[in-house]
Amino acid sequence: MASTLHAKYGLKRVINASGRMSILGVSAPSDTVMDAMRIGGQSYVEIADLVDKAGDRIANQIGFESALVVNSASSGIALSVAGIVTEGDRGRSVRLHQSPILKNEIVMLKGHNVQYGAPVETMVYLGGGRIVEAGYANEGTVRQVEEVVTERTAALLYVKSHHAVQKNMASVEETWALAQKLHLPLIVDAAAEEDLQRYASCSDLVIFSGSKAIEGPTSGLVAGKRTLIEQVKVQLHGIGRSMKVGKETTFGLLQALDEYLDKKDTSEQEREALNALLPLGELDGVTVSIVQDEAGRTIYRARIKIDPMLAGTDAVQTVDGLQNGEIAVYTRDYGARQGYFDIDPRPLLGDDMQVIERRLRELLLLKGGN
């Protein structure tokens, strides 16, 4: 069915070995999630009632006071900032970019101001905030955060992501303690995190992607203190109007969350599946190892390291060859210029692993001649 649909619109088959990446459609929801979207989409509902009831159900499931379904984690950042800087005032919310707001500075660690497909700071500015960086690219302490807080500071923002610098950075718990000391709200961007309950005790607002770990439709989730969630809801009548969520998306996310919270840990099976790639290490200049996720999650990936002097090619060329084949294979290529790339098993379907092994072998033998 998928191949027929691809052919109809002239699209390539894509193998996603990079993880839950937006450029490839993030994840593949289950049949039951798609059924929930179909049934929900083909029915009418009072949207305001759905917003409240869905939020209450989700909050109860993951241990927060309140929650709100949004259309992406990115919009979750913008709406959270807008809710805080306007304090939920409807007039200021609809005039967000017309009337100057004096208390609009959002303080974050310099090593957390990342580009994840769009800059974090762009979403903050969209929400009426202004970024103030603390610390350095290789060091960020709570003392450095406190040093840049002024009477114009509206909130602290903490980004929990593999994109962010991990070394010498204050923990979310340390940042939360500082936020409480300063009587400032803490927003945690935890878009791809798998433990949805962890941040309930160390944040005021936390943002998750609905389509990454949860494997729902393209969506996002903001959870946190009820007072702040109500302020965020006001933004649905301002900038949030351009980010509105369809009823089918909300029903799909609710179903996906039900399934996610009942999901068995498959990390060991995924790790074992990567063994199929280990024989590639027999090729000249190629080393294959299994590594754990940089941010400490129980996610395992195969790391393919290429020595250009021995292999006759390098990681950048290999990644390019994989992407530009008849079947487009996308890897986790952040380290390609350092000589390696990773294969993430979580999104793989059907014979994807076998295709990856075959394509890698073809490319490496072609360049290396062995």
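The values are calculated or read from the model by the stated rules, or taken from the named source; none is laboratory data. Because the structure is predicted, anything quoted here is derived from the model rather than measured. No Cβ is skipped: glycine too gets one built from the backbone with ideal geometry, and neighbour counts run over all protein chains shown. With ligands, DNA and RNA removed, areas are computed over all heavy atoms of the protein, side chains included. Shrake-Rupley method; radii C 1.70, N 1.55, O 1.52, S 1.80 Å.
Any idea what the dipole of region 1-91 comes to, in debye rounded to 20, about its Cα centre with Lys/Arg Cβ at +1 and Asp/Glu Cβ at -1? Value, rounded to 20: 720 debye.
Here the relative contact order of the chain, from alpha carbon pairs under 8 Å that lie six or more residues apart, stands at 22 percent.
Loop-located GluC sites (Glu not before Pro) in region 210-309 (DSSP state other than H, G, I, E, B) with a sparse environment of at most 16 neighbouring Cβ atoms within 10 Å: 294. Report the Stokes-Einstein translational diffusion coefficient (µm² s⁻¹, integer) for region 264-326, Rh taken as the Kirkwood radius over Cα pairs, at 37 °C with viscosity 0.692 mPa s. Result for D is 251 µm²/s.
With one equal scatterer per alpha carbon and no solvent term, the Debye-computed log10 I(q)/I(0) for region 68-149 at 0.19 1/Å reads -0.86. Shape analysis of region 233-370 places it in the prolate category; the axes a ≥ b ≥ c from the Cα gyration tensor give an a/c of at least 1.5, with a/b above b/c.
For the chain, the antiparallel share of DSSP beta bridges with both residues in that region comes to about 55%. If you line up the long axis of helix 73-86 against the longest principal axis of the chain, both from Cα atoms, how many degrees apart are they, to the nearest 10? Taking Cα atoms only, the helix is inclined about 20 degrees. For the chain, the ratio of Cα radius of gyration to the globular rule of thumb 2.2 N^0.38 Å stands at 1.06. Only DSSP H runs of four or more residues enter the estimate; each adds -39500 (n - 2.57), and after division by the residues of the chain the mean residue ellipticity at 222 nm equals -11000 deg cm²/dmol. Ranking of 184, 5 by solvent-accessible surface, largest first: 5, 184 (1.4 Å probe, protein heavy atoms only, all chains present). Available extension along the chain between residue 34 and residue 265 is 80.9 nm, counting 0.36 nm per residue and deducting the alpha carbon span.
Accessible surface comparison of 142, 107, probe 1.4 Å, protein chains only, largest first: the order is 142, 107.
The convex hull of the Cα atoms of region 172-287, projected and averaged over all directions, covers 11.4 nm². Along region 115-125 the Karplus relation, 6.51 cos²θ - 1.76 cosθ + 1.60 evaluated at θ = phi - 60°, assigns HN-Hα couplings of 10, 10, x, 7, x, 3, 5, 5, 5, 5, 5 Hz to successive residues, with x for each Gly and Pro. Shape class of region 45-112 from the Cα gyration tensor (axes a ≥ b ≥ c, square roots of the eigenvalues): oblate, since a/c reaches 1.5 or more and a/b does not exceed b/c.
Over the Cα atoms of region 130-203, the radius of gyration divided by the Kirkwood radius equals 0.94; this is the Rg/Rh ratio. Protection proxy ranking for 11-21, 185-195, using the average of other Cβ atoms within 10 Å per residue and placing the highest first: 185-195, 11-21. Taking amide H as placed 1.01 Å from N in the peptide plane, the amide H of residue 66 sits under 5 Å from that of 224, 226, each at least 5 places away or on another chain. Each 10 Å bin, from zero up to the one with the longest distance, holds this percent of the alpha carbon pairs of region 107-263: 10, 38, 37, 14, 1. Global size of region 1-144: 19.9, 57 Å for Rg and Dmax (C-alpha atoms, Rg to one decimal, Dmax whole). Roughly how tilted is helix 247-261, in degrees to the nearest 10 and between 0 and 90, from the longest Cα axis of the chain? Helix 247-261 sits at roughly 70 degrees to that axis. A cut-off of 5 Å between modelled amide H atoms, ignoring neighbours fewer than 5 places along the same chain, links residue 130 with 105, 106.
In terms of distances greater than 22 angstrom between alpha carbons, the cross-link table entries 110/305; 103/225; 110/160; 53/233 yield 110/305.
Across 300, 44, the residue with the most accessible area heads the list, and the full order at a 1.4 Å probe is 44, 300.
Efficiency by 1/(1 + (r/R0)^6): what FRET value for residue 168 and residue 337, r their Cβ-Cβ distance, R0 = 22 Å, to the nearest 0.05? Intermediate results must be reported in sequence, preceding the final value.
Values: r = 23 Å, r/R0 = 1.03.
With R0 = 22 Å, the Cβ-Cβ based efficiency is 0.45.
Distances between placed amide hydrogens fall under 5 Å for residue 290 paired with 303, all partners being 5 or more residues away or on another chain. Computed from backbone phi with θ = phi - 60° and the Karplus coefficients 6.51, -1.76 and 1.60, the 3J(HN,Hα) list for region 166-179 is 9, 7, 6, 10, 4, 7, 5, 5, 5, 5, 4, 4, 5, 4 Hz; x is used for glycine and proline. Only Lys, Arg, Asp and Glu carry charge here, each on its Cβ (+1 for the first two, -1 for the last two); on that basis the chain has a dipole of about 880 debye about its Cα centre. The local environment of residue 71, defined by Cβ-Cβ distances under 15 Å, has a net charge of +4 under the rule Lys, Arg +1 and Asp, Glu -1. Between the alpha-carbon centres of region 31-55 and region 112-148 there is a gap of 35 Å. Net charge dipole, region 97-245: roughly 420 debye, given to the nearest 20, about the Cα centre with Cβ charges of +1 for Lys and Arg and -1 for Asp and Glu. Summary of the geometry: region 286-358 and region 176-238, compared by the centres of their Cα atoms, lie 32 Å apart. Per residue, the average separation of C-alpha pairs within less than 8 Å and at least 6 apart gives region 198-307 a relative contact order of 17 percent.
In the elastic network of the chain, a GNM with C-alpha springs shorter than 10 Å, the most mobile of 47, 306, 356 is 47.
Protein heavy-atom accessible surface, 1.4 Å probe, per residue over region 244-360: 49 Å².
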